[in-house]
1. So Leu21 ticks every box in (1) open to solvent by less than 90 Å² (accessible area, probe 1.4 Å); (2) modelled with pLDDT under 70 but one. Which box is left unticked?
2. I'd like to know if the stretch 89-100 contains one or more residues that are open to solvent by 90 Å² or more (accessible area, probe 1.4 Å) and over 28 Å from the mean Cα position of the chain (by Cα).
Amino acid sequence: MPLFGNAFSPKKTPPRKCASLSNLHLLDRSTREIELGLEYGIPTMNLAGQSLKFENGQWVAESGSFTGDRREVQRLRKRNQQLEEENNLLRLKVNILLDMLSETTAESHLMEKELEELKNHSRRRK
């Protein structure tokens, strides 16, 4: 029997109270959106005097707010197309170079293996 009691036996913790006393988690989705204010609407932004809204995963100019020059837009689209084609070409070149590198590496490993086998074979003959 220890003199001062067992110092290593922790006391039992009291039971926890209910995590949430709110009954909002019992409500259906539409009521929760109304109660908690989760209805934000369509995201919009204003850049250089042009109003844009986010619809179906893309930013779209709102009707009547476009003030840009049509020729500038066409020039930018043409430049974008050129850059996409150049990017595709560069990706193709990188893939070809990676294929060539892996082929050369495989051949190098085969040659090293053959050379090692020839060395071992010549050592055995001596």
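1. With respect to (1) open to solvent by less than 90 Å² (accessible area, probe 1.4 Å); (2) modelled with pLDDT under 70, Leu21 is out only on (1).
2. Yes - at least one qualifying residue is present in the stretch 89-100.
The values are calculated or read from the model by the stated rules, or taken from the named source; none is laboratory data. Since the model is a prediction, treat every value here as computed from it, not as a measurement. Just so you know, the surface numbers come from the protein's heavy atoms only, side chains and all, with ligands and any DNA or RNA stripped out. Shrake-Rupley method; radii C 1.70, N 1.55, O 1.52, S 1.80 Å.
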